[in-house]
Amino acid sequence: MSLAKLKPLTLAAKSTLNHKPMSKTTINLSILETYLPKCQNLKQFNPILSQMILTGFIRDTYAASRILKFSTDSSFIHIDLSLRIFNLIEDANGFIWNTMMRAYIQRNCPQKALNLYKLMVDKNADPDNYTYPLLVQACAIRVSEFEGRQIHNHILKTGFDSDVYVQNTLINMYAVCENMSDARNLFDEIPVLNPVSWNSILAGYVRAGDVEKAKVIYDRMPERNTIASNSMIVLFGRAGCVTEARRLFNELPGKDMVSWSALISCYEQNEMDEEALALFLRMVANGVMVDEVVVVTVLSACAHLSIVQTGKLIHGLVVKIGIEAYVNLQNAFIHMYSSCGEIMAAQKLFNAAFHLDQISWNSMISGYLKCGLVEKARTLFDSMPEKDIVSWSAMISGYAQHDRFSETLALFQEMQLLGIRPDETTLVSVVSACTHLAALDLGQWIHAYIRKNGLKINVFLGTTLINMYMKCGCVENALEVFQGTAEKGVSTWNALILGLAMNGLVEKSLEMFSEMKKCGVAPNEITFIGVLGACRHMGLVDEGRRHFDSIVQEHKIEPNVKHYGCMVDLLGRAGMLTEAEELIESMPMTPDVATWGALLGACKKHGDHDMGERIGRKLIELDPDHDGFHVLLSNIYASKGNWDDVHEIREIMVQHGVVKMPGCSMIEANGIVHEFLAGDNKHPQIEEIQKKLDEMAKKLKMEGYAPDTNEVSFDIDEEEKETALFRHSEKLAIAFGLICTSPPTPIRIIKNLRICNDCHMAAKFISKAFSRDIVLRDRHRFHHFKQGSCSCKDYW
């Protein structure tokens with residue numbers, strides 16, 4: 001009898017589910033066993049099912065179990081059809097119930113397997129020693145210890161608790177649910193342990209990252225199989241025990257593909273990328289089969305080392321062995337190529353891929369951003385069929401990393417409107433953007449959002465919040481965040497020390513440095529930039545020298561060019577210009593232009609025109625495109641009245657295309673950041689601002705303020721100089737702040753350049769004349785103006 005002789009009764013199979021059999025038997029067990037394995041699709045399977053239903057042969061328990069088992073094992077048969085077959089079986093035995101449960105588990109539907117067990121109990125069907133391991137496995141998949149305990153209680157009541165197969169699955173379930181105590185108790189109670197028992201408890205400790213207990217179990221194993229050894233190599237890799245992992249690998253007699261992959265992954269996880277690649281080459285040379293998992297690992301190593309040629313060779317190997325279609329492998333290649341700057345190769349892979357998942361899209365967006373192609377990244381982001389939190393975070397972080405802070409905040413606001421909950425990575429980027437734009441209102445809203453939603457403030461987010469508050473002059477808020485951050489890294493302490501120093505709280509800054517050391521947190525290079533900066537802000541020369549010497553003597557850190565630059569600035573500000581120049585000459589590395597620039601600024605401050613002219617000329621040669629050095633030298637000449645030299649410097653600037661960076665001040669009002677340039681007349685409220693400037697001029701004059709016209713480096717009369725001074729960007733911003741904010745709210749301003757002497761003096765007078773606190777952050781530090789005084793004590 002052929003398959004063709006069985007009438008195709010597909011429709012009959014559907015219609016007879018609720019009908020009694022109407023024809024005599026045309027199918028038996030022999031026919032079923034012969035033709036069922038030959039079915040390759042539903043068209044061939046349905047006639048057999050139809051005959052079994054129509055003839056009543058489905059009532060034969062063994063025959064029913066055979067067709068149900070075949071249906072659950074066949075990829076072309078939907079699980080719903082298997083369930084309909086199951087429901088037709090009138091006297092289902094334990095094997096049939098287990099077959100249906102196993103099918104649900106294999107299709108990642110563990111809850112349906114548990115529901116089926118409830119039905120089994122209701123129908124008084126008898127579970128067996130194969131039923132409970134399936135149910136415990138379902139609980140493990142769901143990571144549901146509560147349901148697992150319920151099944152465990154049933155096991156105890158039914159007496160299957162002595163079955164080693166049941167016991168092993170219970171050990172695994174408790175381990176998956178991170179309850180190693182109960183898992184170990186079960187293990188210790190098993191009278192006769194088999195290899196699965198040992199592997200199960202070992203896998204639990206490996207999953208928990210408990211190296212010591214895993215080693216005890218591994219050493220006690222009567223027979224250490226390859227699976228156990230591989231698990232230990234994985235654990236050693238995660239724990240950073242590379243030497244032990246390598247020793248175990250070398251001692252392993254029966255290395256399989258997983259053994260090689262585990263040690264390669266161990267190297268890559270511990271930033272030993274060259275060793276990872278070398279071992280991979282040995283693996284290939286030894287003829288060990290390569291899978292997509294190990295290739296993903298070595299591609300990560302290639303990305304870290306930026307060796308795209310090796311990545312291309314691996315790509316060729318992948319194509320040769322025919323595993324290039326794996327989507328996780330495609331994603332790894334996209335990441336590797338884009339990390340190495342080969343964005344066109346990454347794009348080609350992305351465009352040619354038959355199957356793209358969420359990671360593919362996110363990897364390509366991240367690739368564009370890494371290569372600076374922000375617009376391409378945004379275009380791809382906008383065209384995504386579905387965005388997850390990683391997509392939003394990548395795009396928002398990309399904007400922030402490329403200093404496009406307005407777009408960062410705009411995209412975050414769009415994200416909020418769509419009701420998408422940001423993660424810590426996203427919030428770090430947004431808070432960073434708020435810092436750069438002085439958007440304190442939004443920054444405070446984000447901080448409130450974090451508290452309201454119970455988000456954990458980790459090291460990165462805590463450090464970013466402290467940095468934002470410090471750079472907005474809100475020291476108390478920054479201290480509150482610091483105190484409330486459970487996990488404090490060296491970066492957290494650095495943000496606090498630098499922030500306190502920047503805000504003029506030098507004594508508190510140095511006090512926190514001492515506290516940092518008492519807490520056992522080792523300072524790094526950045527810490528000492530903050531400490532030396534604190535000394536620099538208050539002219540603490542002797543203390544600065546002591547801390548500078550301690551970098552090497554006490555903390556064994558090699559001072560870098562920035563540390564020397566801080567010392568040069570400290571000495572220069574204190575008027576010790578000769579010593580500052582001698583320190584530059586003695587530096588073990590080539591001084592950078594910033595270090596020479598600090599000395600040039602000190603020459604102007606202390607009126608040493610000869611040294612200033614010599615250093616200024618040198619700096620223009622070293623960095624002919626730097627506008628600041630040209631301007632400083634020009635100002636030195638102007639202060640001497642050497643207008644010919646001033647004109648010469650300005651002609652040099654024109655010849656080299658050097659443009660002086662205009663003074664720019666930013667102020668936030670009602671959630672909007674306003675920018676003012678020196679002499680600006682384009683603001684929508686300029687007329688109102690001009691009236692306020694006139695009012696300020698009258699009040700300041702009554703207070704005794706006289707403009708410092710030495711700050712104007714033009715050969716013009718005094719009246720013109722006074723007018724030019726009163727159009728500086730920070731004065732425009734202060735005038736706007738007086739209009740748009742009300743006391744006791746401080747007027748908060750950020751300026752891109754160092755505040756000039758006249759604006760500093762005027763701000764002190766304004767704070768007293770208008771009874772307003774003014775917080776102004778310039779390029780170097782904060783100035784807190786209050787009732788005619790400044791936190792810098794006129795030392796800046």
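The values are calculated or read from the model by the stated rules, or taken from the named source; none is laboratory data. A quick note: this is a predicted structure, and the numbers were derived from the prediction, not measured. Every residue, glycine as well, gets a Cβ built from its backbone with ideal geometry; the counts of neighbours run over all protein chains shown. Heavy atoms of the whole protein, side chains included, go into the accessibility calculation; ligands, DNA and RNA do not. Shrake-Rupley method; radii C 1.70, N 1.55, O 1.52, S 1.80 Å.
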Which semi-axis lengths, in whole Å and largest first, follow from the square roots of five times the eigenvalues of the Cα gyration tensor of the stretch 155-289?
32, 15, 12
Sequence-separation-based contact order of the stretch 345-490, relative, with Cα cut under 8 Å and 6+ spacing, percent
16
Nearest 10 degrees, 0 to 90: helix 110-122 Cα axis against the chain principal axis:
40
Over all viewing directions the Cα convex hull of the chain casts an average projected area in nm² of 46.7
Based on alpha-carbon centroids, what's the gap between the stretch 741-788 and the stretch 105-145 in Å, whole number please?
70
Output ³J(HN,Hα) for the stretch 756-762: one whole-Hz value per residue in order, computed from phi by the Karplus curve 6.51 cos²θ - 1.76 cosθ + 1.60 with θ = phi - 60°, and x for Gly and Pro.
7, 4, 5, 5, 5, 5, 5
Give the relative contact order (percent, whole number) for the chain; include only Cα pairs under 8 Å separated by 6+ residues.
5
For the stretch 477-485, in residue order, the Karplus 3J(HN,Hα) values (coefficients 6.51, -1.76, 1.60; θ = phi - 60°; whole Hz; Gly and Pro = x) are 4, 4, 5, 4, 5, 4, 5, x, 8
With all distinct Cα pairs included, what does the Kirkwood hydrodynamic radius of the stretch 546-587 come out to in Å, to one decimal, could you say?
10.6
Counting only Cα atoms, I'd like the Rg/Rh figure for the stretch 573-709, Kirkwood definition for Rh.
1.07
With every protein chain in place, what's the accessible area of Lys793 (1.4 Å probe, Å², nearest 10)?
150
What do you get for the angle between helix 257-269 and the principal long axis of the chain? Use alpha-carbon atoms, 0 to 90 degrees, nearest ten.
10
All-pairs alpha carbon distance profile, the stretch 496-560, 5 Å steps from 0, percent:
4, 19, 31, 28, 15, 3
Please work out the Cα center distance from the stretch 534-575 to the stretch 90-104, rounded to the nearest Å.
78
For the stretch 621-693, what does the alpha-carbon gyration tensor say about shape, rounded, prolate or oblate, given a ≥ b ≥ c as the root eigenvalues, a/c under 1.5 as rounded, and a/b over b/c as prolate?
prolate
Signed unit charges on C-beta, dipole axis of the chain, positive-most listed residue His606, Asn328, Pro588
Asn328
Which value in Å does the Kirkwood hydrodynamic radius of the stretch 77-117 take, with 1/r averaged over all unlike C-alpha pairs and then inverted?
10.3
Residues meeting the amide H criterion for Arg777 (H placed from the backbone, H to H distance under 5 Å, 5 or more places apart or on another chain) are Ile749, Ile750, Lys751, His783
If one takes the longest principal axis of the Cα atoms in the chain, at what angle in degrees, from 0 to 90 and to the nearest 10, does the Cα axis of helix 195-208 lie?
20
With an 8 Å Cα cut-off and a minimum separation of 6 or more residues, compute the relative contact order for the stretch 546-666 in percent.
17
Spatially proximal lysines relative to Lys112 (Cα-Cα < 18 Å; intrachain offsets below 8 disregarded):
Lys69, Lys123
How much solvent-accessible surface does Ile750 expose, in Å² to the nearest 10, with a 1.4 Å probe and all protein chains in place?
20
Filter the cross-link list Lys255/Lys348; Lys215/Lys255; Lys370/Lys488; Lys452/Lys786; Lys452/Lys488; Lys618/Lys682 down to pairs whose alpha-carbon distance in this structure exceeds 31 Å.
Lys255/Lys348; Lys452/Lys786; Lys618/Lys682
Trp260, Trp361, ranked by accessible area, largest first (probe 1.4 Å)
Trp361, Trp260
Name the residue farthest towards the positive end of the dipole of the chain from the options Pro37, Val176, Pro195, assuming +1 on Cβ of Lys and Arg, -1 on Cβ of Asp and Glu, about the Cα centre.
Pro37
Residues whose placed amide H lies under 5 Å from that of Ala669, excluding near-sequence neighbours:
His674
Dividing the helical contributions, -39500 (n - 2.57) per DSSP H run of n ≥ 4, by the residues of the chain yields a 222 nm value, nearest 500 deg cm²/dmol, of -20500 deg cm²/dmol
Let me spell out the model: positive unit charges on the Cβ of Lys and Arg, negative unit charges on the Cβ of Asp and Glu, origin at the Cα centre of the chain. What dipole size does that give, in debye rounded to 20?
3420
With a Förster distance of 25 angstrom and the Cβ-Cβ distance between Thr226 and Gln106, calculated FRET efficiency to the nearest 0.05 equals 0.50
Quick P(r) readout (the stretch 241-294; Cα-Cα; 10 Å bins; whole %) gives 25, 62, 13
Spatial separation of Cα centroids for the stretch 274-336 and the stretch 371-423, in angstrom
30
Take the eigenvalues of the Cα gyration tensor for the stretch 19-169, scale each by 5, and report the square roots as semi-axes in whole Å, largest first.
32, 16, 13
Farthest positive-ward along the stretch 60-157 dipole, Cα basis, beta-carbon charges - from Val143, Leu116, Ile85:
Val143
Using only protein heavy atoms and a 1.4 Å probe, report how much of Lys456 is accessible, in Å² to the nearest 10.
130
Around Gly462, what is the net charge, scoring Lys/Arg as +1 and Asp/Glu as -1 over all other residues with Cβ under 9 Å from its Cβ?
0
Rounded to the nearest 0.05, what FRET efficiency do Val561 and Asn757 give with R0 = 41 Å and r taken as the Cβ-Cβ distance? Could you check?
0.90
